[in-house]
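Derivation of every value follows stated rules applied to the coordinates shown; laboratory data play no part. Note that the structure is predicted; figures quoted are calculated from it, not measured. When we count neighbours, we look across all protein chains shown, and the Cβ atoms used for this are built from the backbone with ideal geometry, even at glycine.
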Amino acid sequence: MTAAQNSTIASPTPAPAKPQRMSAEQAGSVSAAAFAGLMEHLGYLDADSQERVRQAYIYADHAHSDQWRSSGDPYITHPIAVTGICANWKLDAPALMAALLHDSMEDCGITKADLEERFGQDVAELVDGLTKLDKLQFNTREESQAESFRKMLLAMARDVRVILIKLADRTHNMRTMSDMPRSKWGRISSETLEIYAPIAHRLGLNQTYRELQDLSFKHLHPWRYATLEKAIGRSRTRRRDLVQRVQDEVNAEFTKQGLPARLLGRESTLYSLYLRMQKNQLSFAKVTDIYGFRIMVPKVLDCYTALGVLHQKYKPMPGRFKDYIAIAKSNGYQSLHTTLVGPSSVSIEFQIRTEEMNIVAEAGVAAHWLYKAQQGHDSEHLSTQWLQSLLDIQNETRDAAEFWDHVKVDLFPDAVYVFTPKSEIMAMPRGATVVDFAYAIHSKIGNRTTAAKINDEEVPLRTELKSGDVVQIITSESSTPNPAWLSFVKTGRARSKIRSFLKNAAQSEAGQLGETLLAQALRAEGIDAIPPQDDANKPVWEEILRTTGNRAPADLMVDIGMGRRIASLVAARMTTFMARQGVRPDALLITQERFNTDNRPFQGAVTLNGDESSSVHYSHCCRPVPGDPILGYLGGQGLVVHHAQCHNAIKLREKDADRFITVDWADDITRVFEAGIVVTVQNNKGVLARVAAELANAEADIVRVEMTDEVAVGTTDLRFVISVHNNVQLENALRNLRRLHSVVRAGRVIA
């Protein structure tokens, strides 16, 4: 039972007045007593480690000698309490020392170098990581929250003990929240509920997770908490005899079967009851599964034997059995769950597990130290995939808001369990698709995915996974991620990998485009090719890079391709620098290449086939399709293609002609394009259906349709976005529409 449940409040009350500060002698006595209590829990450490912890306490006590808690207690009692929580997880001596010293750098002016000299690099690094975490302020601004979580993730990546100590620190602060000003309760409790409790859950710290939820609930909604606590207390009194009866009957059955078992009662947390009542619109009287039992047995096989004993004693409720031993949760949790109908038709949940499983269930990733201290077992089976997944996202996502979007998906999963063709089990968030599964296996598999089968049946890539599915991914060496995947993938890992690939592909494509544009611009200056990056041309490249501010020629090519640099200006400067090296322009080449019909510098034509990545954009204002006359504008985010008659493009060309380049359609177009049309129709019954049917006959797919409300004048404008292969198909579709009796006019929409 959590500390939140053990506390009893008659009614919510404001924080008490600040108590008087105790004397130095009293403070020393209180501190010494608190540390003596801590030392009683350090028997798992050897004598040398215990002495190191004692020295850290002496150092911290001296550093915090003139500091006090809001409760009036000496400040050192807080680090001691945090260390006590860490000791319950059996963390090693450096972690306990860091817990005692975790506020020394922040509050006492002690440096990392001081700690490193006194206690070693390991302890100093831990305290430094904690100090950086203490400076984090989570708030409602997404950007700030994202950056704060990014820093926390990096600290976790360096050493998971950092976040364990931080969770212990947060737990003690929540336990003593009532001593803080009431104005702080909301922010700290919301932050705990939204950030720290989910982290505890994902790291498998179930007991800490439950306690943080209840304490947050208590301080966010004190009246609701108090009401539920009273109701639970009354229910506990009424059902005490029933719970004892079940415990006696189950113990008797296990004794009869000769099965050694340890039976513990458990109670749902107030916060979980509150969520259940809120979600299902239930009163407290209608909530079931308030009470349950946890059964610990020696071996895994005994878990299933115990399950059989229970099912013989009480009737199981259909659909309420879960085997988390065969298929462990993503945070390493293993147990059998079954809900039975006990005496007086009361439903009771039983959780059956081994002692080792119980350690993992309560301590999660901290069980590594529990195992190391007690049994010496290997804890590599504990799930660290979540942390690795976040690290992958961190490495590939530089935008803070985008990173936070990814993280929120992975922080609050509702897992489904699927199988690979080799019968390996994988946990995926609910709603995850085939593409998410492919990226969960490996980023290369995801990038090369072309098709998939679920239970030997071919399915679309956007198909959502269900527990028990056997998923097979079909790949191709020539396949690449499709930008459309971003509209349906659910996991942050898949989303970040896809965006990273597309961004790199766009950079590569922009570099190739920039190289083409620079080569053509140099020809207009009388230079037949881009100078090679060799020793002879090194001074030229150094000068041009110094002028443009780029680090490398490849970066310059990307800037030109994205429109951040104008190729003709770069070419002119490069020609000047080359002239200093004795390279003279070719006059004949200048005559052939430099001017086109409207006497503007010519930058050559770029051919488009629709297979370009995100470095080429087809403008939504005019929606050009193959066969249309087109213009290319390099506006800083890549090449934007406009219809030659687009009013926006014409205005841009008047202001910024140097950024326009010649673009042409390729002979072979690889995809369909969207076009905008407006169809004015008479307000007759069924007219929309007839228009849609005519577009279908022209094999033009409707992407979007909007309708104006002009009933008073007898006509309505139907605005369509349709997909076509070229302008010939588009004109055929418009011609067919004009033949309809109800159609007044039909034409293209070009801004």
Check: Volume per residue, Å³, of the convex hull around the alpha-carbon atoms of the range 673-748?
Finding: 71 Å³
Next item on the list: Evaluate the distance, in nm, between pseudo-label points positioned 7 Å from the Cα of Glu355 and of Leu486 along their respective Cα→Cβ axes.
Entry: 5.4 nm
Notebook entry, point to check: Expressed as a whole number of Å, what is the distance separating the alpha-carbon centroids of the range 83-126 and the range 630-689?
Noted result: 63 Å
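Going by a ≥ b ≥ c, the root eigenvalues of the Cα gyration tensor, does the range 19-118 fall in the rounded group (a/c under 1.5), the prolate group (a/b larger than b/c) or the oblate group? If you can, show how the numbers build up before the last one.
Values: a/c = 1.96, a/b = 1.28, b/c = 1.54.
Oblate shape, in that a/c is at least 1.5 and b/c is the bigger or equal ratio.
Hey, which of these cross-link pairs are over 27 Å Cα-Cα: Lys422/Lys490; Lys230/Lys315; Lys90/Lys497? Intermediate results must be reported in sequence, preceding the final value.
On the way: Lys422/Lys490 24 Å; Lys230/Lys315 31 Å; Lys90/Lys497 37 Å.
Where the Cα-Cα span goes over 27 Å, the pairs concerned are Lys230/Lys315; Lys90/Lys497.
Rounded if a/c is under 1.5, else prolate if a/b beats b/c, else oblate: with a ≥ b ≥ c from the C-alpha gyration tensor eigenvalues square-rooted, which is the range 155-245? Walk me through the numbers before you get to the answer.
On the way: a/c = 3.04, a/b = 1.52, b/c = 2.00.
It is oblate, given that a/c is not under 1.5 and a/b is not larger than b/c.
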Notebook entry, point to check: Mind listing the phi-derived Karplus ³J(HN,Hα) values for the range 715-727, rounded to whole Hz, using 6.51, -1.76 and 1.60 with θ = phi - 60°, and x for any glycine or proline?
Noted result: 10, 9, 8, 9, 9, 10, 10, 10, 9, 9, 7, 6, 6
Item checked: Selection from Thr433, Ile445, Gly526, by position along the positive dipole direction of the range 406-534 (Cβ) -> Thr433
Item checked: Stretch gain in nm, segment Glu542-Asp658, where the contour uses 0.36 nm per residue and the Cα spacing is subtracted -> 39.3 nm
